Structures are given as C-alpha cells and as structure tokens.
Amino acid sequence: MINQTAALRRLLADEAFIHLPVAYDALGGRLIESTGFKSAYVGGFVTGGSRCTSEPLLTLDDTLLHGSAAGRSQPSASTFI
C-alpha cells in the first residue's frame with residue numbers, strides 16, 4: 001500500500017487541480033470513491049459538523065478517529081486530514 005505522502009505527491013504531479021470532496025462519514029467516503037474521485041478531505045469543520053460539536057471543542061483523537069473511518073471505507077482513494 002502506498003503511503004499518504006507519496007499519494008499526495010503523485011496527485012500533485014499528475015493533476016492541475018485536485019478535487020477534494022468532503023467525507024463526513026464512512027458512507028460518504030464510499031460514495032466519493034464510487035463516483036471516481038481520487039481523494040477526499042476530512043478536517044475539523046467536517047468532523048465537528050458530523051458529530052454536532054463545535055470545532056474548537058474537538059480533540060486530535062476525534063479528528064483522527066473520524067478521518068480513519070472515512071479512509072478505511074475507500075481503499076482505492078486517498079483521504080487527507
């Protein structure tokens with residue numbers, strides 16, 4: 001399996017513009033992958049919005065758990081946190 005740094009570098013080299021749809025959860029990650037996107041984005045606002053928590057109240061663990069769930073759901077695409 002290719003690591004995330006190499007995947008991002010490959011995308012930056014191959015694409016003029018990288019579309020990063022937002023994966024709010026694992027189902028969203030699957031939908032993003034099934035429509036042909038090469039990558040997805042999970043961040044603080046996304047995690048807070050899906051968990052009904054204000055972004056400043058989130059911990060790093062919350063973001064990583066949410067991002068890893070979305071990432072595991074789309075094995076052929078890269079998830080950037």
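The values are calculated or read from the model by the stated rules, or taken from the named source; none is laboratory data. Here the structure is a predicted model, which is why all the values come from computation and not from measurement. FYI the Cβ positions are ideal-geometry reconstructions off the backbone, even for glycines, and counts take in every protein chain you see.
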Quiz item: What are the residue pairs meeting all of these: first residue in segment 12-41, first residue closer than 19 Å to C52 by Cα, second residue β-branched (V, I, T) and assigned to a helix (DSSP H, G or I), Cβ atoms under 7 Å, and 6 or more apart or on different chains?
Solution: V22/V46; A23/I32; Y24/V46
Exercise. Could you list all residues from segment 1-29 that are over 15 Å from G67 (Cβ atoms), part of a helix (DSSP H, G or I) and not hydrophobic (A, V, I, L, M, F, W, C)?
Key: T5, R9, R10, D14
Self-check item: Residue selected from segment 37-46 under the condition among the aromatic types (F, W, Y) and outside any loop (DSSP other than H, G, I, E, B), by the criterion surrounded by the most Cβ atoms within 10 Å (Cβ to Cβ)
Solution: Y41
Quiz item: Does segment 2-24 hold any residues that are in contact with a helix residue (DSSP H, G or I) (Cβ under 6 Å, 6 or more places away or on another chain), under 21 Å from T63 (Cα atoms) and of a type outside the set (G, A, S), and which are they?
Solution: P21, V22, Y24
Quiz item: Does any residue of segment 47-57 turn out to be of a type in the set (A, V, I, L, M), closer than 18 Å to S68 by Cβ and either surrounded by fewer than 17 Cβ atoms within 10 Å (Cβ to Cβ) or at pLDDT below 80 (or both)?
Solution: no
Practice problem: Taking R9 as the residue in question, decide whether it is at pLDDT below 80 and either surrounded by fewer than 15 Cβ atoms within 10 Å (Cβ to Cβ) or on the phi > 0 side of the Ramachandran plot (or both). | Solution: no
